[in-house]
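Trainee: Dropping a structure here in structure tokens format, bear with me for questions.
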Amino acid sequence: MSVAIAPEERMARSYLTDGYNLKSWLLTTDHKRIGLLYMVSITLFFFVGGAAATILRLELMTPKGDLIETADAYNRMFTLHGVVMVWFFLIPSIPAVLGNFLVPVMIGARDMAFPKLNLLSWYIFMAGGIIVLATLIAGGVDTGWTFYVPFSSMFSNTFVVPAAAGVFIVGFSSILTGLNIIVTTHTMRCPGMTWDRLPLFVWAQYATSLIMVLATPVLAITVALLAAERIWGVGIFDPRLGGDPILFQHLFWFYSHPAVYIMILPGFGVVSEIIPCFARRPIFGYKFMAGALLAIAFLGFIVWGHHMFVSGQSMYAGFVFSIISFLVAIPSGIKVFNWTATLYKGSIRFDTPMLYALGFIGLFTIGGLTGLILASLAVDVHVHDTYFVVAHFHYIMVGGMVMAYLGGIHFWWPKLTGRMYSEWWGKLSALIVFFGFNLTFFPQFVLGYLGMPRRVYEYTEDYQILHIMSTLGASILAVGYLLPLSYLILSLWFGKHATGNPWSATGLEWQTTSPPPTHNFEETPVVTEAPYAYDPVVAEAEYRASLAEIEERPRVNHT
Amino acid sequence: MSHTIPSIRTYGFVYLALMLLLALTVGAAYLNLGSANILVALAIAVVKVVLIALYFMHLKGSNRLAWVFSAMGVAWLALLIGLTTLDFVSRWPALPGK
Amino acid sequence: MSTTHELLQEPPLAEHFDDLEQQHLSAQLGMWIFLATEALFFGGLFCAYTVYRRMHWIEFVVASRELNVAAGAINTAVLLTSSLTMALAVRAAKLRERRWLLIYLAITIVFGAVFLGIKAFEWSEDYERGLVPGSLFTFPFRPEFAGFAEIFFLLYFLMTGLHAIHLIIGIALVATVAGFCARHQYVAQGENLVEMTGLYWHFIDVIWVFLYPLLYLIDVHR
Amino acid sequence: MAHLPFFPEQASSHAKDVDAVFLAGMGILAFFTALILILIVTFLVRYRRGTTAERDNAPNTSLRIELLWIGIPLIISIGMFAWSAVVYYRLYSPPADAYLVDVVAKQWMFYLQHPEGKREINELHVPLGRPLRLRMISQDVIHSFYVPAFRAKQDVLPGRYTSLWFQPTRVGQYHLFCAEYCGTNHAVMRGTVEVMEPADYERWLGSGSSEGSLARQGEQLFQKHHCGGCHGPSQNVPAPPLQGVYGGRVPVTREGDPSTNFITADDRYIHDSVRLPKKEIVAGFEPMMPTYDQTELSEADLLKLIAYIKSIGAEETSK
């Protein structure tokens, strides 16, 4: 069904070849190019944060601080890891890269609702990024990515205000991306694309954008108040003046817990696209899956108190936040069960995106259920601020989000670049990432329950064995992440040319050529049927036919 | 556009209503209603805001999506303030431990 | 004004929209979502205000009494009037009356400036009376409440300061839109611009409608 | 310190309950992860491309199954919540007769003082079996008093008392950590909690120099800061008498608020009366008390004063 044009000729008319000079890239309002601009910048930030992570892990191999002599340098290193990874990789990654690129194409639109705002969002992201990188190079911040008061406002003598300014600015970038995606989804769907025919990826981007738009402003005001307190020395959170540091924590976590759902919801969207395509089965319970996305987006806003069970928050507020945190697990459970049910009676292929998606389901289940253990009040008292929490959120962010991001990049790579990546290398790196990840973070659950606190560069000797296992895993994970970087870049020149629909998937983005032309479609498509119209029986018949066809072909010795 | 354009007279009436409500706000503040003072002041402010939103901001004739998003802004604000004050309010029952 | 030389002609419809209605709805939705983010941006301060008002009730009462209630009332009236003229400007834009549009926009800017003037006067008065939080804060009237009253004045200056910044941005926005409409022939985008600037202006007025009673009229009847 | 590779020592009364909740949670995790794993692996093997499994009319949606995996997790969640909330509530309500030790956290060390006047830094000696309540406050940033073996942790806040209680049930030395990031040397802000037989504990208590009990040191401070000038019998300036005030109900008026409401004179009230004297003024008195910030009266000394006021409260309960 894909448009049969010669690959070279198709490349000539795609959005990539629509102007080569720097100006055509830096002043583009084409949502696809902005998606690529974001991909390059967040990959840069990912490896900055990743380098910091490897140094942290190497340092923690020994109980005494020896790789990084001073505690202060270690504190600045883990703050760098936190700030860069949270705001400059995890939050923008799928919404700004895959979301920007795919949402208009998936709903049959020519571009985002506000193309100029979309470009402005990338410039704001880079402005915030440069400020934060400059601060980190000039000396960094030693408050941790949470900037807890009164340490960050009165006792830390590092560059807290510039870092706060960088975070303040980058917040607006995700507000603009969110606003763009919401308005595009509402007003620019092509004829026939009703809400119950929207691909679940678009549903996930829509739910994520709601959170981005409604949570980020509170981060902006919190960080602004912190900067005001440091600049004018007048404390809105200063206990001496009657202020309350707990209020800072409330305002900070009102943003930061929804932020972790900004990170994971797009991952759900990507997996909900990959699993049906490679199992050749329509998604199980489409309405429940879309409803679960919106339920998580809403419930995510009223659970932030579970970060503060032992911080002096009242006991009754603890009860309320704990019960709601338990309720958030229900929609996540629906999603995992529905993905599993989609595999039933399918015709399953094990390409790289599928490996990443299956890895995501497993690791997200462990991450999610340890979240439940953390939400139970009694256990949280013991494991709060220990490595158990570190392991929990890395299972969700690295095990869930990064695996889904890599799966999505591999699944849509032919659409983004018109080239196919090498399947063998893809599968190998997926397995390395899965193995390396588990070896890194599973020991940290045990460390956490043994009571090792977070953010320490020295620890008592009896924890050392687990730290060595974790560092070993981290080095494997580092290799696992460098592999895709290399073979994906190489595929830009040496990869086979991709057809319009290499996976024979059913989304609108697979009906146009890959890479798509500047305005996505020759003529605006009309949608007639429900999404995910896959049929495993047909897939089996085609597979058997292709096997038979390979048998009859005469033995030609390939050069 | 989709909806009729209100006449200058309606805008005039809305403006007068707003001015009266302003006078009411200041007047009510000088009455000693005890703890009800804040509720009265907020109620009048809400009426003024609804008037501005309906007429001046054209919520009246516009797409119900605009209603949804304006309501969500206010609802999320209520979530933030509500649950935060829940903590500060329920902090003082003198449990021996606290 | 610019009737002499030929007005610039701009395609009414941006190329990625299908029709004017879709473009207007997108602009309106985008603006309302942006206003929701602004509401939550101020929301952080309203949350701090609510919490501290409950924790330090007496200090808020005593400190609020030092504010100039009359100036606040006049300011509210000025801002409401500017909202009226802004609404009339949007109406004129829709009816394609360019002259009236530019007149109303000019009046709105003037009222905005008057508001900032009164605000600046109030702040300078507070400055002399030693009410600016920080090292200069003395609160001479009831020195025993100096500690917590500083939190009230910090919230007062943060809220009104943030509001004033938004008002300055609003005035700049209205000025540029007036410039755009003066030079350009009437197109849907021109009207959209005026309508969206109007929404932003009314939002600033809405914030002040809440700020005034919360800051100035806490417990004035005593 | 022989212990299971996965659990720290269970050295406090409620450690077992916390471990039970944790094990239940891990059990649920293991069950669901195994369930998902087995289902996925069987589906992958049975329905991989090229197998001759029967694939037609697979269901796309079914309300019954969806409600099934909404209902069951809901019930489990509510059960887990209720059980952990009960254990949490017990953690937050110490027995009335708990032995009281004061903890003052400052940047990068815990300073502890016993009622008998003994002072320790990063060390806490407690007798076996006696419930112990810690009254904690910080002099600078937020710290967190964390003893993994007791499964007990509570942030220590500047400007407000927080408390934590546990009942040691096993003799030995256990780690004491600061769990909330508090600056450069957060990692070395560590210590040990030693649970001793009651006999050894008495001997330890007796040893070392002792400047008398906390209450007596409080009395010396009371004289040193001339508190007696106003609060004592000489009364050259009218100030509320402090005899028998601790724990009682104090009528407090707040300016601008006609009604007088009663508050209990607990640690928080005395701490705030010293640090922020104008906050709650005793009915019938002028707001004349000077404020004492941390330079004039350190948190540790303030805790001694509270112990002293508590002691004179107990003697004369005639009021």
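Trainee: Is it true that D:Arg90 is more than 10 Å from every other protein chain (Cβ to nearest Cβ) and either over 23 Å from D:Tyr292 (Cβ atoms) or charged (D, E, K, R) (or both)?
Mentor: no
Trainee: Name the pairs: first residue in segment D:93-120 and assigned by TED's automatic domain parsing to the domain that holds D:Pro198, second residue among the acidic types (Asp, Glu) and modelled with pLDDT of 85 or more, Cβ to Cβ under 6 Å, at least 6 apart or on different chains?
Mentor: As it stands, the answer is D:Val104/D:Glu299; D:Lys106/D:Asp140; D:Gln107/D:Asp140; D:Leu112/D:Glu120; D:Gln113/D:Asp102, since those pairs meet every condition given.
Trainee: Suppose we filter segment A:421-455 for residues that are part of a loop (DSSP other than H, G, I, E, B) and not aliphatic (A, V, I, L, M); how many remain? Let's see the steps before the verdict.
Mentor: The first filter runs over segment A:421-455 and keeps only residues part of a loop (DSSP other than H, G, I, E, B), leaving A:421-422, A:451-452, A:454-455.
Adding the requirement that they be not aliphatic (A, V, I, L, M) leaves A:421-422, A:451, A:454-455.
Total satisfying the criteria: 5.
Trainee: Any residue at all in segment A:70-83 that is of a type in the set (Asp, Glu) and surrounded by 20 or more Cβ atoms within 10 Å (Cβ to Cβ)?
Mentor: no
Trainee: Against the conditions (1) in contact with a Gly (Cβ under 9 Å, 6 or more places away or on another chain); (2) assigned to a helix (DSSP H, G or I), where does D:Gly27 fall short? Just the number, please.
Mentor: (1)
Trainee: Next up: I'm checking my understanding of the structure. Among residues of segment A:148-174 that are within 19 Å of A:Asp238 (Cβ to Cβ) and part of a helix (DSSP H, G or I), which one is farthest from the other protein chains (Cβ to nearest Cβ)?
Mentor: Here the residue is A:Val161.
Trainee: Of all residues in segment A:213-250, how many are assigned to a helix (DSSP H, G or I) and in contact with a Phe, Trp or Tyr (Cβ under 9 Å, 6 or more places away or on another chain)? Walk me through it before giving the result.
Mentor: Filtering segment A:213-250 down to residues assigned to a helix (DSSP H, G or I) leaves A:213-232, A:239-241, A:245-250.
This time we only want the ones that are in contact with a Phe, Trp or Tyr (Cβ under 9 Å, 6 or more places away or on another chain), so: A:213-227, A:229, A:241, A:245-250.
Counting residues in segment A:213-250 that are assigned to a helix (DSSP H, G or I) and in contact with a Phe, Trp or Tyr (Cβ under 9 Å, 6 or more places away or on another chain) gives 23.
Trainee: Is it the case that A:Ala290 is part of a helix (DSSP H, G or I), among the small types (Gly, Ala, Ser), more than 14 Å from chain D (Cβ to nearest Cβ) and surrounded by fewer than 24 Cβ atoms within 10 Å (Cβ to Cβ)?
Mentor: No.
Trainee: Another one. Quick one: count up the residues across segment D:146-175 that are more than 10 Å from chain A (Cβ to nearest Cβ) and outside any loop (DSSP other than H, G, I, E, B).
Mentor: So the answer is 6.
Trainee: If you go through segment B:36-60 one residue at a time, how many are part of a loop (DSSP other than H, G, I, E, B) and facing chain C (nearest Cβ under 8 Å)?
Mentor: Taking segment B:36-60 as the starting set, the residues that turn out to be part of a loop (DSSP other than H, G, I, E, B) are B:57-60.
Subset that is facing chain C (nearest Cβ under 8 Å): B:57-58.
Qualifying residue count, segment B:36-60: 2.
Trainee: Same structure again: Return yes when A:Ala224 is closer than 28 Å to A:Val537 by Cα and surrounded by fewer than 24 Cβ atoms within 10 Å (Cβ to Cβ) and no when it is not.
Mentor: Here the answer is no, as A:Ala224 does not meet what is asked.
Trainee: Right, next: Taking segment C:62-77 as the search range and keeping residues that are surrounded by fewer than 21 Cβ atoms within 10 Å (Cβ to Cβ) and part of a helix (DSSP H, G or I), which one is farthest from the other protein chains (Cβ to nearest Cβ)?
Mentor: Looking at the filtered set, the residue picked out is C:Ala71.
Here is a yes/no grid of residues against (1) at the interface with chain C (Cβ under 7 Å from one of its Cβ atoms); (2) modelled with pLDDT of 90 or more; (3) surrounded by fewer than 17 Cβ atoms within 10 Å (Cβ to Cβ); (4) in contact with a Ser or Thr (Cβ under 7 Å, 6 or more places away or on another chain):
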| site | (1), (2), (3), (4) |
| --- | --- |
| B:Ser7 | no, no, yes, no |
| B:Val14 | no, yes, no, no |
| B:Ala17 | no, yes, yes, no |
| B:Ala28 | no, no, no, no |
| B:Gly34 | no, no, yes, no |
| B:Ser62 | yes, no, no, no |
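Trainee: Every residue in segment C:68-82 that is touching a Leu at 6+ places or on another chain (Cβ under 8 Å) and closer than 12 Å to C:Val209 by Cα, please.
Mentor: Listed by number, the residues that qualify are C:Gly72, C:Ala73, C:Thr76, C:Ala77, C:Leu80.
Trainee: Is it the case that some residue within segment C:32-52 is aromatic (Phe, Trp, Tyr), surrounded by 18 or more Cβ atoms within 10 Å (Cβ to Cβ), more than 30 Å from C:Phe137 (Cβ to Cβ) and more than 10 Å from chain B (Cβ to nearest Cβ)?
Mentor: No, the conditions are met nowhere in segment C:32-52.
Trainee: Kindly indicate whether D:Val245 is surrounded by 20 or more Cβ atoms within 10 Å (Cβ to Cβ), in the same structural domain as D:Tyr111 (by TED's automatic domain parsing), of a type outside the set (Ser, Thr, Tyr) and touching a residue at least 60 places away in the same chain (Cβ under 8 Å).
Mentor: On the way: surrounded by 20 or more Cβ atoms within 10 Å (Cβ to Cβ): yes; in the same structural domain as D:Tyr111 (by TED's automatic domain parsing): no; of a type outside the set (Ser, Thr, Tyr): yes; touching a residue at least 60 places away in the same chain (Cβ under 8 Å): yes.
The answer is no for D:Val245.
Trainee: Any residue in segment A:395-403 that is among the hydroxyl-bearing types (Ser, Thr, Tyr), touching a helix residue (DSSP H, G or I) at 6+ places or on another chain (Cβ under 7 Å) and in a loop (DSSP other than H, G, I, E, B)?
Mentor: no
Trainee: Would you mention how many residues in segment D:187-215 are buried (at least 17 other Cβ atoms within 10 Å of the Cβ) and assigned to a helix (DSSP H, G or I)?
Mentor: 4
Trainee: Follow-up question, since we're still on this one. Just the residues that are in contact (Cβ under 8 Å) with a residue 60 or more places away in the chain and over 25 Å from D:Pro59 (Cβ atoms), please, taken from segment A:319-362.
Mentor: A:Asp351, A:Thr352, A:Leu355, A:Tyr356, A:Gly359
Trainee: Sticking with this one: Taking interchain pairs and intrachain pairs at least six residues apart, which have beta carbon atoms under 7 angstrom, with the first residue in segment A:456-467 and more than 19 Å from D:Ala149 (Cβ to Cβ) and the second in a helix (DSSP H, G or I) and small (Gly, Ala, Ser)?
Mentor: Cβ pairs passing all conditions: A:Tyr457/A:Ala71; A:Tyr457/D:Ala187; A:Glu458/D:Ala187.
Trainee: What single numbered condition from (1) surrounded by 16 or more Cβ atoms within 10 Å (Cβ to Cβ); (2) β-branched (Val, Ile, Thr); (3) outside the structural domain of D:Glu116 (by TED's automatic domain parsing) fails to hold for D:Thr51?
Mentor: Every listed condition holds for D:Thr51 apart from (1).
Trainee: Another question, then. Listed residues D:Leu112, D:Leu124, D:Leu68; which is of a type in the set (A, V, I, L, M, F, W, C) and part of a helix (DSSP H, G or I)?
Mentor: After applying the criteria, what remains is D:Leu68.
Trainee: Please enumerate the residues belonging to segment C:101-141 that are within 12 Å of another protein chain (Cβ to nearest Cβ), modelled with pLDDT under 90 and either part of a helix (DSSP H, G or I) or surrounded by 16 or more Cβ atoms within 10 Å (Cβ to Cβ) (or both).
Mentor: C:Val132, C:Pro133, C:Phe137, C:Phe139
The values are calculated or read from the model by the stated rules, or taken from the named source; none is laboratory data. Quick caveat: nothing in here was measured; it's all calculated off a predicted structure. Positions of Cβ are generated from backbone atoms using ideal geometry, with glycine treated the same way; all protein chains shown enter the neighbour counts.
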